[in-house]
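**Q** Have a look at this one before I ask anything.
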Amino acid sequence: LLLNEGTGRFHEAGSQIAAECDLARLLADYLGVKVRFVRPERYDQQIPMLLAGESDIVIAAMTRTVDRGLKVSFTAPYFEVSQAALVRRELAPVGADSYFDLLEIDRLRLGVKAGTTHERFARQLFAADAITLYPTAEEAAAGITKGDVDAMVADSPFVSIWSRTHPE
């Protein structure tokens, strides 16, 4: 689990809350073992830590990709999300309802969390100089309110919650 990332959250005081933590505790109880949470510094360290034997399982909202599937086995998903975008109101195309509607915005400055499938997908659609990388989705979203970027992409639950809790 990562510090304040995705649906699983570590609090600074060391307590763990959220769906991934509950799922890990239930699985450990079922298996009759004690759960110990391991916190990588970055999202992209989860699979390498698993392969190095530093953890036994990764429970995370992680997109299945061919590259990842060649390294580890995935279970059936316990949580499914899509990619979504936050866009400055004045730039959002009328009737926009798709990630691809971002392509209609002239000179779009797009924020994405570095090292994610969001970054990889954005690089397939937009010029490199249009993309600004951030360490977290929260910082990418804050980039919109600061005027550093015009839009950002992230998992749909993040976008939904951010837009409701940040009406500006």
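**Q** Since ASP155 meets every condition but one in (1) modelled with pLDDT of 95 or more; (2) surrounded by 20 or more Cβ atoms within 10 Å (Cβ to Cβ), which condition does it not meet?
**A** Condition not satisfied by ASP155: (1).
**Q** Is it fair to say GLU139 is under 18 Å from the mean Cα position of the chain (by Cα), open to solvent by 80 Å² or more (accessible area, probe 1.4 Å) and more than 14 Å from ALA84 (Cα to Cα)? Even if it seems obvious, please write down each step before you answer.
**A** Working: under 18 Å from the mean Cα position of the chain (by Cα): yes; open to solvent by 80 Å² or more (accessible area, probe 1.4 Å): yes; more than 14 Å from ALA84 (Cα to Cα): yes.
Yes; evaluated as a whole, the condition is true for this residue.
**Q** Additional query: If I filter segment 113-136 down to residues being in contact with a helix residue (DSSP H, G or I) (Cβ under 6 Å, 6 or more places away or on another chain) and in contact (Cβ under 8 Å) with a residue 40 or more places away in the chain, which single residue comes out as surrounded by the most Cβ atoms within 10 Å (Cβ to Cβ)?
**A** If we filter segment 113-136 for residues that are in contact with a helix residue (DSSP H, G or I) (Cβ under 6 Å, 6 or more places away or on another chain), which is where we start, we get 113, 115, 131, 134.
Still in the running and in contact (Cβ under 8 Å) with a residue 40 or more places away in the chain: 113, 115.
On the way: LYS113: 24, GLY115: 14.
Applying the filter and picking the extreme gives LYS113.
**Q** OK, next. Just give me the residues in segment 143-152 being over 9 Å from GLY111 (Cβ atoms), open to solvent by 40 Å² or more (accessible area, probe 1.4 Å) and not polar (S, T, N, Q), in sequence order.
**A** Residues of segment 143-152 that are over 9 Å from GLY111 (Cβ atoms), as a first pass: 145-147.
Those left that are additionally open to solvent by 40 Å² or more (accessible area, probe 1.4 Å): 145-146.
Of everything in segment 143-152, just one residue is over 9 Å from GLY111 (Cβ atoms), open to solvent by 40 Å² or more (accessible area, probe 1.4 Å) and not polar (S, T, N, Q), namely LYS146.
**Q** To continue, here is another question. Please go through segment 48-84 and pick out each residue that is open to solvent by less than 40 Å² (accessible area, probe 1.4 Å) and either acidic (Asp, Glu) or touching a Phe, Trp or Tyr at 6+ places or on another chain (Cβ under 6 Å) (or both).
**A** Within segment 48-84, just ALA61 meets the criteria.
The values are calculated or read from the model by the stated rules, or taken from the named source; none is laboratory data. None of the values given here were measured: they were computed from a predicted structure. Using ideal geometry, Cβ is built from the backbone for each residue, glycine included, and neighbour counts are taken over all protein chains shown. Accessible surface is based on the protein model in full, side chains and every heavy atom, while ligands, DNA and RNA are left aside. Shrake-Rupley method; radii C 1.70, N 1.55, O 1.52, S 1.80 Å.
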